[in-house]
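Since the structure comes first, as structure tokens, the remarks are kept for the end.
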Amino acid sequence: MKKSIAKYNPSEIEPKWREVWEKEGTYKPDLESSDKPFYNLMMFPYPSAEGLHAGNMYAFTGADIYGRFKRMQGFSVFEPIGLDGFGIHSENYALKIGKHPMEQAKISEKNFYRLLHETGNSYDWSRTVETYDPKYYKWTQWIFTQMFKKGLAVRKKSPVNFCPSCKTVLADEQVITKIKNQRSKIKDGKEELDGEKVGVCERCETIVEKKNLEQWFFKITDYAERLLNNIPELNWSEIVKIAQTNWIGKSEGMSIEFKIQNSKFKIEVFTTRPDTLFGATFLVLAPEHEIVASLLESRIKNQESRIGEIREYAEKAKKKSDLERQAEGKEKTGVFSGLYAVNPVNNEQIPVWIADYVLASYGTGAIMAVPAHDLRDFEFAKKYNLGIKPVIRDLEEKNKNELAEAYSGDGEIMNSQDWNGWKYPQDKEKVFKWLEEKKIGQKKAHYHLRDWLISRQRYWGPPIPIIYCRKCWEVKSEKLKVKSEQGKDYKLIDNEEWAIVPVPEKDLPVELPYIENYKPIGTGKSPLATHPEFYNVKCPNCGGDAVRETDVSDTFLDSAWYFLRYLATDWDDMPFPSVKFAQNLKLKTKNLKEIENSALRVAWLPVHMYIGGAEHSVLHLLYSRFMTMFLHDLGLISFEEPFSRFFAHGLLIKEGAKMSKSKGNVIIPDAYIKKFGADTMRCYLMFLGQFSQGGDFYDTGIEGMNRFLKRIWVLAQNVNLSEKEEDKEVLRVLHKTIKGITGDIEKLSYNTSLAKLMEFYNFISDKKTIGKDVLEDFLKLLAPFAPYLSEELFQLFLKSKIKNQKSKMNTNKQLNNKTAKFNSIHLQKWPEFDPKFLVQDKVTIVVQVNGRVRDNFKFQTSNLKLKKNVEEEAKKSEKVKAYLEGKKIIKIIYVEGKIINFVIS
RNA sequence: GCCGAGGUGGCGGAAUGGUAUACGCGGUAGUCUCAAAAACUACUGGUCGCAAGACCAUAAGGGUUCGACUCCCUUCCUCGGCACCA
């Protein structure tokens with residue numbers, strides 16, 4: 001018997017091991033020479049001033065467990081962390097508390113890193129990244145200049161949300177939908193709220209206006225097809241792949257040209273249903289369409305009488321916000337243009353209308369309206385009394401009332417000359433071919449994906465590294481060819497008479513200046529626009545007076561490439577690791593092929609495992625993919641896809657409700673860590689449910705997890721350890737547990753892993769003596785979940801054993817860190833199960849009669865193969881006999897080692 | 001409306017088509033204690049029954065199967081995202 005034992009005291013154990021791990025470099029892989037590398041990445045957090053959020057800890061713990069598991073499996077694991085600190089949240093928080101964002105960032109950073117330390121994750125703290133560090137955003141800006149040089153950064157007019165009361169530009173997420181003129185109506189016996197949707201400012205509830213500003217965009221749409229085509233190859237959570245596919249939203253159809261009668265003008269429309277072309281009874285143009293502009297400018301003859309009405313309609317439509325224009329159930333409005341177009345398949349004259357239900361931003365900004373088969377066109381035709389001509393017959397409901405509503409389903413083509421009798425969608429290709437041969441239409445694809453808006457009219461972000469030069473423009477306008485660094489022409493801003501000059505690499509970063517008044521100003525410009533000392537600059541090209549761009553870039557740009565920065569060794573050199581690593585390897589070449597062959601680069605990238613929230617399924621992941629493709633195309637990295645595997649975790653909620661400050665139900669991990677220790681908190685968070693599904697946090701539940709860890713503590717101190725485990729049953733259960741947990745962690749099914757650890761504990765808890773190996777394996781299985789407790793117990797009770805068995809553990813240690821002296825449990829070899837221990841002498845066979853369980857019995861495994869033996873044994877059962885009495889057995893189904901089922905009459 | 005994820009005890013949640021409810025929380029009873037807490041032990045889906053046991057339960061309804069939480073069809077509900085996308 002052992003003497004009275006010390007209490008389990010995490011607040012003593014946890015800081016102690018944290019210090020040892022840090023000092024010993026336990027989690028610091030040698031990036032230059034490791035040969036089984038595993039890059040385990042988690043989405044870096046936005047460092048909120050309130051500190052680490054429970055949702056952060058939930059995500060990071062889940063990611064860390066996987067990293068620790070891989071490390072123990074013999075991989076050299078690189079697990080970095082950083083902060084995504086630029087952006088609107090930090091800026092707004094700074095405004096709220098009246099502290100400058102630059103100062104607040106430093107405070108938040110310190111606090112956040114301290115809390116991250118406590119969670120017990122196996123980070124390499126020698127390589128952190130903060131996006132607001134000028135050394136970091138130097139390269140964010142550099143990427144921008146490269147985008148510009150490749151023609152992928154362009155300026156376009158684009159509407160922004162503007163709050164006339166706050167006098168500031170709002171991000172989409174700052175605009176909330178409100179119902180104006182709310183009224184209730186009864187639908188199917190249920191009360192429903194109804195009304196007109198409007199977008200209002202989240203702070204003052206003023207209705208948000210649209211303001212058209214000249215802004216920078218990245219042409220991600222140029223990459224749409226590649227981004228789409230790579231998706232099937234990715235080892236990503238299926239839900240994310242679907243979300244990305246839908247976001248890119250490729251729709252295949254045809255572009256068809258309609259000539260305008262008595263005029264040289266043409267209207268190009270895009271349609272996914274060319275099979276309904278014979279049913280097109282009118283065309284509709286978006287109010288922004290160029291034909292509308294031509295009408296207003298009287299460039300189209302004989303239409304002058306209609307200009308007034310059209311102008312009035314177009315002006316009104318343009319002022320409407322998207323929300324207003326797209327409000328569901330809103331009655332459609334439009335105006336006749338006075339023009340007629342010719343349907344190219346049957347030469348029918350059809351009227352051309354202008355209506356705001358057609359969007360300028362999608363397709364060609366013009367549609368062919370087929371009211372018989374499109375709901376929106378149908379509504380419009382009804383209202384303005386336009387022709388409706390059915391061309392698809394619904395084969396299932398032949399005698400349906402005609403024209404009661406639009407029919408958009410499958411069917412047979414009719415009223416369409418040559419095509420009559422063809423089927424939709426089966427004969428879609430035939431229609432495409434027919435139209436292409438007659439040169440009426442062209443196959444075309446359209447994408448839902450839009451270009452990436454980079455400009456932010458704010459302060460807290462990296463300044464866009466662009467200079468506008470008047471003099472260079474004048475030179476250009478004199479038809480002199482101005483060459484950039486790359487030998488390409490400068491692009492000009494149309495109508496503005498400024499040449500665009502990217503800031504040369506040697507002048508980067510363009511540092512964000514410390515300015516007192518960083519509040520948004522009422523003009524829709526960045527606060528930097530009020531600081532001449534910032535924007536006045538000499539042109540790097542001609543040396544003349546020039547001005548800087550004063551907008552800053554989107555935070556999504558900061559986070560689109562950060563995973564590359566972690567690997568780079570030198571802040572001043574280019575952070576894209578293939579090049580840098582190749583140089584480190586003393587490769588005498590920058591030739592891409594040779595770099596590609598470098599074992600190091602191939603090994604560390606792309607990221608092996610990326611873990612993060614499903615809420616980033618679309619934007620962040622898509623932007624990162626785009627960025628990686630772009631850097632690949634620049635020849636800097638040799639892979640196109642940044643993340644080999646991506647796992648989306650679920651959302652952590654509190655007692656059935658989403659956590660939010662207004663509800664006052666936000667979980668502060670700090671408080672729980674203080675009370676129970678990080679190990680308990682980690683395990684509890686992971687026990688709540690499937691990591692992929694999220695979990696529901698209950699305060700009472702965490703006590704149970706704390707009890708479990710305490711019990712392990714007590715058991716380890718009380719149980720007698722024998723050199724060798726003799727009990728076959730103990731070994732069987734141990735190996736079953738090893739098998740189960742190993743499989744579960746690989747699937748990131750942590751809640752079931754913990755349940756299996758508990759089951760194993762329950763199984764050995766009443767034993768007086770167990771083998772050292774059994775305790776060791778148990779602690780190793782626990783180690784990824786409770787890194788502190790497992791280390792403490794391992795060092796306390798198994799250290800002596802380690803000294804005698806050098807060969808077993810040192811292989812992993814060498815792999816992870818050649819210089820590490822300390823034999824941490826976290827560098828030990830992950831237990832492997834041996835199938836020979838899983839064999840049982842006797843198994844339970846369940847007896848069913850007609851599929852219903854009636855009895856069970858133990859049976860020698862050596863006799864399992866013979867159905868007859870099992871059958872005889874089953875028939876001996878009194879319970880079963882009663883059911884079989886006087887009945888005829890039709891069939892006997894036997895599943896080896898599991899079940900025998902008598903099917904009776 | 002569209003896309004996606006779900007619906008299993010009082011609660012969080014387990015179940016390669018093969019004993020539904022593992023594991024944990026909560027609850028009840030007990031041990032220990034002057035008492036309480038902690039810890040430990042036992043029980044804990046529902047109905048009927050003294051019991052043995054029987055029957056009913058995985059949102060609802062149908063189907064496939066010897067056997068369905070699991071596969072198929074229909075409907076309902078909850079959550080997340082997108083939305084006049086041609």
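Pairs from the table (A:Lys250/A:Lys316; A:Lys867/A:Lys891; A:Lys301/A:Lys383) lying more than 23 angstrom apart at Cα are A:Lys250/A:Lys316; A:Lys301/A:Lys383.
Mean separation of Cα pairs under 8 Å and 6 or more residues apart, divided by the residue count, gives the stretch A:325-475 a relative contact order of 13 percent.
Counting only DSSP beta bridges whose two residues both lie in chain A, roughly 75 percent are antiparallel. The residue among A:Gln840, A:Ala882, A:Ile893 whose Cα reaches farthest toward the positive pole of the charge dipole of the stretch A:831-895, with charges on the beta-carbon of Lys, Arg, Asp and Glu, is A:Ala882. Here r is the Cβ-Cβ distance between A:Ile889 and A:Thr844 and R0 is 22 Å; the resulting FRET efficiency, rounded to 0.05, is 0.50. Amide H contacts for A:Val849 (H built 1.01 Å from N in the peptide plane; partners 5 or more residues away or on another chain; cut-off under 5 Å): A:Arg854, A:Phe902. Protection proxy ranking for A:452-463, A:724-735, A:374-385, using the average of other Cβ atoms within 10 Å per residue and placing the highest first: A:452-463, A:374-385, A:724-735.
Overall shape of the stretch A:622-698 was characterised from the C-alpha gyration tensor. The equivalent ellipsoid obtained from it has semi-axes of 37, 15, 13 Å, in decreasing order. Here r is the Cβ-Cβ distance between A:Ser905 and A:Thr861 and R0 is 35 Å; the resulting FRET efficiency, rounded to 0.05, is 0.60. Within straight cross-link reach of A:Lys898, meaning Cα distance under 17 Å, which aspartates and glutamates are found once same-chain residues fewer than 8 apart are removed? Cross-link targets: A:Asp841, A:Asp855, A:Glu871, A:Glu872, A:Glu873.
Distant-in-sequence amide contacts of A:Gly771, defined by a placed amide H-H separation under 5 Å and a gap of 5 or more residues or a different chain, comprise A:Ser722. Rolling a 1.4 Å probe over the heavy atoms of the protein chains gives the stretch A:1-103 an accessible area of 39 Å² per residue. Once the other residues with Cβ under 12 Å from the Cβ of A:Tyr518 are scored (Lys, Arg +1; Asp, Glu -1), what is the net sum? Once all neighbours under 12 Å are counted, the net charge is 0.
The length gained on full extension between A:Gln349 and A:Arg711, counted as 0.36 nm times the residue separation minus their Cα-Cα distance, comes to 121.8 nm. Estimated from helical segments only, the mean residue ellipticity of chain A at 222 nm is -10500 deg cm²/dmol, where each DSSP H run of four or more residues counts as -39500 (n - 2.57).
For chain A, the gyration tensor built on C-alpha atoms gives an oblate shape. Its axis ratio a/c (a ≥ b ≥ c) is at least 1.5, and a/b is not larger than b/c. Note on chain A: with neighbouring protein chains present and a 1.4 Å probe, carbon and sulfur make up 49 percent of its accessible heavy-atom surface. Close amide H contacts of A:Glu348 (hydrogens built in the peptide plane, cut-off under 5 Å, sequence separation of 5 or more or a different chain): A:Asn343. Quick check on my link table: of A:Lys739/A:Lys780; A:Lys658/A:Lys710; A:Lys858/A:Lys881; A:Lys219/A:Lys439; A:Lys106/A:Lys135, which ones sit more than 19 Å apart, alpha carbon to alpha carbon? Going by Cα-Cα distance, A:Lys658/A:Lys710; A:Lys219/A:Lys439 fall outside the 19 Å limit.
Sorting A:830-843, A:36-49, A:350-363, A:765-778 by their mean Cβ neighbour count within 10 Å, with the most densely packed peptide first, gives A:36-49, A:350-363, A:765-778, A:830-843.
The values are calculated or read from the model by the stated rules, or taken from the named source; none is laboratory data. As the structure is a prediction and not an experimental result, all values here were calculated from the model. Heads up, the Cβs are rebuilt from the backbone with ideal geometry, glycines too, and the neighbour counts pull from every protein chain shown. With ligands, DNA and RNA removed, areas are computed over all heavy atoms of the protein, side chains included. Shrake-Rupley method; radii C 1.70, N 1.55, O 1.52, S 1.80 Å.
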